[in-house]
1. For segment 177-199, how many residues meet the condition of being over 17 Å from Cys69 (Cα atoms) and either in contact with an Asp or Glu (Cβ under 9 Å, 6 or more places away or on another chain) or among the aliphatic types (A, V, I, L, M) (or both)?
2. In segment 221-248, how many are surrounded by fewer than 22 Cβ atoms within 10 Å (Cβ to Cβ), touching a Gly at 6+ places or on another chain (Cβ under 9 Å) and not in a helix (DSSP H, G or I)?
3. Please specify each residue of segment 1-60 satisfying the condition of being basic (Lys, Arg) and either surrounded by 19 or more Cβ atoms within 10 Å (Cβ to Cβ) or within 27 Å of Ala361 (Cβ to Cβ) (or both).
4. Mind counting the residues in segment 32-57 that are without any contact (Cβ under 8 Å) to a residue 12 or more places away in the chain and over 17 Å from Trp237 (Cα atoms)?
5. One residue is enough: does segment 370-379 have a residue meeting the conditions out of contact with any His (no Cβ under 9 Å at 6 or more places or on another chain), farther than 30 Å from Thr296 by Cα, among the hydrophobic types (A, V, I, L, M, F, W, C) and at pLDDT 85 or above?
6. Picking from Phe196, Phe211, which residue would you name as being buried (at least 19 other Cβ atoms within 10 Å of the Cβ), among the aromatic types (Phe, Trp, Tyr) and without any contact (Cβ under 8 Å) to a residue 40 or more places away in the chain?
7. On the given criteria, is Phe142 in contact with a Pro (Cβ under 6 Å, 6 or more places away or on another chain), modelled with pLDDT of 90 or more, buried (at least 23 other Cβ atoms within 10 Å of the Cβ) and not basic (Lys, Arg)?
8. Given the options Gly340, Gly350, name the one that is over 24 Å from Phe147 (Cα atoms) and surrounded by 14 or more Cβ atoms within 10 Å (Cβ to Cβ).
Amino acid sequence: MQYVDEFRNPDVARKLASEITELSSMLMQDRNRPLQIMEFCGGHTHTIFRFGLQQLLPQHIQLVHGPGCPVCVLPRGCIDVAIQLANQANVIFTTFGDAMRVPGSQQSLLQAKAAGADIRMVYSPLDALALARANPDREVIFFALGFETTMPSTALTVLEASREGIDNFSLFCHHITTVPTMTAILQDPDMRLDGFIAPGHVSMVVGDKPFEFVGAEFKKPLVITGFEPLDILQSIWMLLKQLSEGRSEVENQYTRVVSAKGNPAGLAAMSDVFEPRERSAWRGIGDIEQSGVQLTDAYKHFDAEYKFSPDHAMVEDPTACHCGDVLKGAMQPWQCPLFGNECQPKHPLGALMVSSEGACAAYYRYADINALKDKQPAQRITL
């Protein structure tokens with residue numbers, strides 16, 4: 001890859017779209033329902049809407065916007081715990097910017113900051129560790145978020161803090177993992193997926209072998225995919241090609257970045273610092289077994305929850321909020337009655353409206369909602 005324009009060539013996009021239409025029309029001859037493809041990663045969702053890729057596809061291909069935006073699936077109770085930690089005496093609480101506006105049951109981290117808590121946005125866990133070095137008399141907590149993409153940097157930061165003997169640094173650990181989440185999606189009786197556009201950045205860390213179960217156990221094709229428009233269109237073509245040939249395999253479209261073995265150094269650091277958590281809560285989905293991680297006993301002293309013992313409580317989303325239905329593909333974002341009204345990017349009610357990678361935020365920013373409403377009735381999709 002020399003120039004990004006190579007992956008945004010409209011002529012190539014039209015050619016791919018034409019081949020996708022031809023392949024999918026052949027597949028639809030023996031089907032009575034649309035082809036459903038889930039793009040797991042929020043980065044893919046953003047690209048799909050930004051470049052209008054859905055408009056290039058035939059109507060019988062439905063893209064299902066998956067749960068691969070870590071900010072979008074933060075439970076309200078998790079934000080409440082974060083605010084408890086931020087309000088502890090002598091604490092500097094650090095977080096990535098997207099998490100600042102995720103609503104808890106009473107307020108967001110941004111509102112807690114406005115009320116006096118020392119909450120600071122950082123670009124990496126190393127920034128938080130630098131704050132701990134500079135403020136030895138204060139506890140610095142890093143809100144550790146993300147899938148396997150961001151886990152190596154957090155793990156390496158913990159290892160560095162351990163080497164330096166920095167004991168005023170800790171994590172509020174809410175890292176989550178991809179494979180148990182995909183398993184839960186595939187086991188959901190409401191899902192009717194035909195294939196996966198798999199997350200490229202996660203695969204850059206873990207490689208391709210962890211995804212082999214999708215084809216072996218569930219007989220679904222999966223393509224590891226980059227984040228440019230032609231990446232996604234090519235991956236949809238590759239998925240349809242597998243379906244037309246009766247195959248269900250892991251294929252790697254993102255070969256310019258992803259290797260089969262992933263990142264061995266990152267995986268080693270993750271294995272050293274983290275272990276699976278028995279279960280983790282996901283906004284709109286519920287509990288998923290071993291879908292999150294916690295610090296191993298050797299690094300437990302870097303666990304903010306272990307240090308401060310905050311209260312935990314389950315907090316349900318508002319009944320009118322349909323984040324869970326959107327995450328599972330049972331409803332389009334614009335079909336939620338709160339969309340664009342009570343729930344907007346400036347004052348989000350649901351987490352899918354908070355992050356730039358959230359499906360609702362992408363629809364709000366890029367989609368022609370009036371055209372969509374004219375095209376389809378505003379009701380729950382029957383799966």
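The values are calculated or read from the model by the stated rules, or taken from the named source; none is laboratory data. Predicted, not measured: the structure shown is a model, and the values here were computed from it. For neighbour counting, all protein chains shown are included, and Cβ atoms are generated from backbone atoms with ideal geometry for every residue, glycine included.
1. Step one: list which residues in segment 177-199 are over 17 Å from Cys69 (Cα atoms), which gives 186-195.
If we keep only those that are either in contact with an Asp or Glu (Cβ under 9 Å, 6 or more places away or on another chain) or among the aliphatic types (A, V, I, L, M) (or both) as well, we get 186, 191, 193.
Looking only at that region, the number is 3.
2. Summing the residues that are surrounded by fewer than 22 Cβ atoms within 10 Å (Cβ to Cβ), touching a Gly at 6+ places or on another chain (Cβ under 9 Å) and not in a helix (DSSP H, G or I) in segment 221-248 gives 3.
3. Step one: of segment 1-60, the residues basic (Lys, Arg) are 8, 14-15, 31, 33, 50.
Within segment 1-60, Arg8, Arg50 meet the criteria.
4. Summing the residues that are without any contact (Cβ under 8 Å) to a residue 12 or more places away in the chain and over 17 Å from Trp237 (Cα atoms) in segment 32-57 gives 1.
5. Looking only at segment 370-379, we keep the residues that are out of contact with any His (no Cβ under 9 Å at 6 or more places or on another chain), and these are 370-379.
Imposing the further condition that a residue be farther than 30 Å from Thr296 by Cα reduces the set to 370-379.
After this cut, where a residue has to be among the hydrophobic types (A, V, I, L, M, F, W, C) as well, the list is 371-372, 378.
From what is left, the residues that are at pLDDT 85 or above are none.
Within segment 370-379 (the criterion being out of contact with any His (no Cβ under 9 Å at 6 or more places or on another chain), farther than 30 Å from Thr296 by Cα, among the hydrophobic types (A, V, I, L, M, F, W, C) and at pLDDT 85 or above), the answer is no, since none of the residues qualifies.
6. Numbers: Phe196 fails: without any contact (Cβ under 8 Å) to a residue 40 or more places away in the chain.
Only one candidate passes the filter, namely Phe211.
7. Working: in contact with a Pro (Cβ under 6 Å, 6 or more places away or on another chain): yes; modelled with pLDDT of 90 or more: yes; buried (at least 23 other Cβ atoms within 10 Å of the Cβ): yes; not basic (Lys, Arg): yes.
For Phe142, the condition - in contact with a Pro (Cβ under 6 Å, 6 or more places away or on another chain), modelled with pLDDT of 90 or more, buried (at least 23 other Cβ atoms within 10 Å of the Cβ) and not basic (Lys, Arg) - is met.
8. Being over 24 Å from Phe147 (Cα atoms) and surrounded by 14 or more Cβ atoms within 10 Å (Cβ to Cβ) holds for just one of Gly340, Gly350, which is Gly340.
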